[in-house]
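A.B. asks: Please find one structure pasted underneath; my questions will follow.
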Amino acid sequence: MSADLALQIRASLQSQGLPAPSLAWIQSALPNRNPLPPLPALVATVKTRLLAADLTNPALLEAPGPAFPANLLGNAEVKETKLPRDVPVQVLDIDNLSKSKWEQVEELEAVARGEQTRGREIIRLPTGNEDGEDGGDDAPTQQQVATGRDAAPNANAAAASKGATHRLVLQDCRGQKAHALELRRVDRIGVGTMNIGEKMVIKRGATVARGILLLEPATCVVLGGKVEAWQKAWVDGRLARLREAVGADARG
């Protein structure tokens, strides 16, 4: 593959707000086919693999990778400062501070069962009978059936997260970890809607107060993605810890 093609792919990814991967990594992420698919398909393939990759892989991003300045985070003595550059990060942990331990157990059990994503499913039903006749005015349409089943879960999830406050652990390409807190609600942040390993960009000008990164829509962009192994380990481990804590509270 020519270097020009890798440059085109990287430029397209950057135009979508993604961090710039190295040319060598782009080449390794492409399908082993001859001829290669069209450019839009190649960009989509590389984007998917980028969002599923570990940001701390030294071969992933163009050096030097954008990272948090040293000593910016975790320093409780600094009352307030601003992030001087855009920094891509991946999510290592998420906690809903607005829910009790037991409510969090129920929420994570729903995530483990896959119930948090069912609101996106579409039920496809025939619109007529076997003779090709219309089902009549009383027959439910595909849209009505799908809406009837999916509207409640979607509405419940939206209502539950509307007033929530989340705490996250984020990691940059150097492996530095940052504790982050929602200052203002960011819609795509939530247990069950955000995955472990998901990528974000913390924008220049984001506030760091007492060593904590404060998240708000203007300075926080959620890119998507997931690291499958991390997600499963996180759900299993957090469930175990929460159940143990709930049991300890009950015994106390």
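A.B. asks: Right, residue 13: more than 22 Å from the chain's Cα centre (by Cα), of a type outside the set (Ser, Thr, Tyr) and buried (at least 16 other Cβ atoms within 10 Å of the Cβ) or not?
C.D. replies: Considered against the rule, which asks whether it is more than 22 Å from the chain's Cα centre (by Cα), of a type outside the set (Ser, Thr, Tyr) and buried (at least 16 other Cβ atoms within 10 Å of the Cβ), residue 13 comes out as no.
A.B. asks: Please list, ordered by first then second residue, the pairs with beta carbon atoms under 7 Å, 6 or more apart or interchain, first in the stretch 26-37 and in contact (Cβ under 8 Å) with a residue 24 or more places away in the chain, second assigned to a helix (DSSP H, G or I) and surrounded by 11 or more Cβ atoms within 10 Å (Cβ to Cβ).
C.D. replies: 27/6; 30/42; 30/45; 30/46; 36/42
A.B. asks: Does the stretch 18-44 hold any residues that are in contact with a Leu (Cβ under 7 Å, 6 or more places away or on another chain) and not aliphatic (A, V, I, L, M), and which are they?
C.D. replies: 19, 21, 22, 25, listed by residue number.
A.B. asks: Take residue 108 and tell me if it is part of a helix (DSSP H, G or I), touching a residue at least 60 places away in the same chain (Cβ under 8 Å) and outside the structural domain of residue 223 (by TED's automatic domain parsing).
C.D. replies: Here the answer is yes, as residue 108 does meet what is asked.
A.B. asks: Further, regarding this structure: Look at residue 87 and say whether it is touching a Pro at 6+ places or on another chain (Cβ under 6 Å) and surrounded by 14 or more Cβ atoms within 10 Å (Cβ to Cβ).
C.D. replies: Against the criterion (touching a Pro at 6+ places or on another chain (Cβ under 6 Å) and surrounded by 14 or more Cβ atoms within 10 Å (Cβ to Cβ)), residue 87 qualifies.
A.B. asks: Further question: When residues of the stretch 179-227 are filtered for being within 16 Å of the chain's Cα centre (by Cα), assigned to a strand (DSSP E or B), over 20 Å from residue 164 (Cβ atoms) and aliphatic (A, V, I, L, M), how many remain?
C.D. replies: Adding up the residues that qualify gives 2.
The values are calculated or read from the model by the stated rules, or taken from the named source; none is laboratory data. This structure is a prediction, so every number in the text was calculated from the model and none was measured. Because the Cβ atoms are built from the backbone with ideal geometry, glycine has one as well, and the counts that use them run over all protein chains shown.
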